[in-house]
Amino acid sequence: MQIRTRLTLQFALLVGGILIAFSILIYTLSANYRKQEFTQRLKERAINTAKLLIDVKEINDNLLRIIDSSNYSALLGDEVVVFDYFKKSRIYMNVDSSTLNISEELLSKIRNNEEFTFSQGNREAIGLLYSNDLRRFVVIASAVDTYGITKLNNLLIVLLIGLISSIILTLLTGMFFSRQSLRPISEVITQVSTISGSTLEQRVDEGNGTDEIAHLAITFNKMLDRIEKAFKVQKSFVSNASHELRTPLAAITSQIEVALMKHREAEEYKDVLNSLLDDARSLTSLANNLLEIARTEQDIRTLKTSAVRFDELFLQTQSDILFLHPEYSIEIIINDNTIDEDQDLTIFGNENLLKLIIVNLLDNACKFSGGKTVSATLSYNPENVHLLVKDQGIGISSDDLPHIFEPFYRAKNAQTISGHGIGLPLISKITTLHNGKIIVSSVEGEGTTVEVWLPYHFN
């Protein structure tokens, strides 16, 4: 069911329920008022008849009947019957034959209650006690309230017609207003349906920018911004990755072709194989880095996490790097003077990814330091671990600095140094994955400083 139809029906049911309750209330109050008014008229009729018959000595039965028949205010089809209280005999009746079934049980109820209302068929009646100084009487007056019932029936018809008309009008009005209210959503749907992978630059009209639908459009546009950015990053990533893969593959192919052009000495073949091995290692390194970037796109909760002694991991990683690259010079400083317990040195996270942060920071710093010593300082505070790596290398220009976290981006002054432009983006993603923070500051020609903060626990 469409929202427009559901809103219309809900609105109609609400208004219809209120109108039904209001109509029932009006009809009930009107019916009670009619009954009370008619009962009061019957009571007055009974008392007046009893007074004329009993208290006025000049009035007899025949004269009282003549007076009743000439009374234009008399009730329609009224019957008045007077009984002696003690003898229980009828002493007066204004008609020749009564349609009421007056039993001894009924008379007893009137005597016990002094005033008793009842009905027989469409005839309503009241019985009451009347007494003077000498005698007591039971007086019963009845009549048919044709006029009151007719008015009540007419009221019922009016209420039903009004109720049905109001519900129909409510449905029509609800459909109109729901269509008007939801028209912006229909327009948003129309605009969204035209957006595809090749038209991500399109945006949804944000309207007045203040109501809920405008907020929906604004939120959707922000999502489109993120999707468009992700598409561009993915496109750039694929393009750059293809380029990075093609370069060593082309080198491998060309070297093999040259080697096969003629017969060569064993030493020449050995040189070719060593060159091919270097290119293969470069490809392996690139593939591994691409896989690690893919891993960082996962939620940290889906990765294997554990408690990691970051100082031990830091020292072990430094030793591994120096073993692979003896030419590197790394000065290690650990500020742990304020640490008393081993638990304070522990980070909760993915050990392999945390190691990649250290590996890439130290390896990048050493590659770009020009053989100078790299300083790596590890310190602690109550909230997190702070790792600072500083080199005295070529530095990064102010134009290149904003782009260093883009995959495959390489600064202009770093084109001659081996690498793929994946290290810093990978460090940034891993740090973010662990709810950490990274800041890079650099002066071209003087060196670069990279600072990483990692909380002990991530949320």
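Some notes on this structure:
- Options Glu331, Glu327, Glu312: the member that is closer than 28 Å to Phe368 by Cβ, modelled with pLDDT of 65 or more and part of a loop (DSSP other than H, G, I, E, B): Glu327
- Test set (1) of a type outside the set (Asp, Glu); (2) closer than 20 Å to Pro425 by Cβ; (3) surrounded by 12 or more Cβ atoms within 10 Å (Cβ to Cβ); (4) at pLDDT 80 or above - Arg226 fails condition number: (3)
- In the range 426-455, the residue that is modelled with the lowest pLDDT out of those that are buried (at least 19 other Cβ atoms within 10 Å of the Cβ) and part of a loop (DSSP other than H, G, I, E, B) is His434.
- Tyr130 vs. criteria modelled with pLDDT under 80 and aromatic (Phe, Trp, Tyr): no
- Residue count for the range 109-154, restricted to those that are of a type in the set (A, V, I, L, M) and in a strand (DSSP E or B): 9
- Of all residues making up the range 31-48, the number that are touching a helix residue (DSSP H, G or I) at 6+ places or on another chain (Cβ under 7 Å) and buried (at least 19 other Cβ atoms within 10 Å of the Cβ): 1
- Restricting Phe11, Phe83, Phe22 to residues that are at pLDDT 80 or above and outside any helix (DSSP H, G or I) narrows the list to Phe83.
The values are calculated or read from the model by the stated rules, or taken from the named source; none is laboratory data. Being a predicted model, the structure only gives us computed values, none of them experimental. Don't worry about glycine lacking a Cβ; one is built from the backbone with ideal geometry, like all the others, and counts go over all protein chains shown.
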